Amino acid sequence: MAGQIADIATPVLSQASGRLIAQVRSGPDYLLAYMTGKRCGLLALRPGSPNPVQINITVNRPAEETGHDNLPGGPYLIATAPSATTGGYVKLHCGVRSEVVEYSVRSDESRTANPSTVGSVSVVSSTGQEPLVVAIGSSASRDALARHFEKK
């Protein structure tokens, strides 16, 4: 993280004792995936807006025998949060071996077709359509998730 993003995210991550694991930028939005203990977390930021922290969501990692298995790399536990200011939402799938983030913005807002990434993260669905889907984890986990979303 650098500059304005670090200024916004660092206090939030410090308060949660979070460790940043991946970053995605799409249009004006930044998605920062982090871990805090046995919880997956996600910050959706929009620098320059009156409330730059759009969403801050966490969910526990599942035990091996709990959660849903409808995505590769599961089981997963899921949390969803709306953005009060953009009308979008984040759906965070937290798995034992990987994470999946679905991010949607209002249909009248722009989003880049090729988001930039930092970390062990891959964009697995970004056709300019909603939602943006990213996979976080090992290369093998991300490849399996990409194949899953290509089938849709």
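The values are calculated or read from the model by the stated rules, or taken from the named source; none is laboratory data. Only a predicted model underlies this, so the values are computations on that prediction, with no experimental measurement involved. The accessibility values were calculated without ligands, DNA or RNA, using every heavy atom of the protein model including side chains. Shrake-Rupley method; radii C 1.70, N 1.55, O 1.52, S 1.80 Å.
Some notes on this structure:
- Couplings 3J(HN,Hα) for the stretch 25-33, derived from phi with the Karplus relation 6.51 cos²θ - 1.76 cosθ + 1.60 (θ = phi - 60°), are 10, 9, x, x, 9, 10, 10, 10, 8 Hz, where x marks Gly and Pro.
- Split the accessible area of the stretch 1-51 by element, probe 1.4 Å, and carbon with sulfur accounts for 50%.
- For the stretch 1-82, the solvent-accessible area works out to 48 Å² per residue, with a probe of 1.4 Å and every protein chain left in place.
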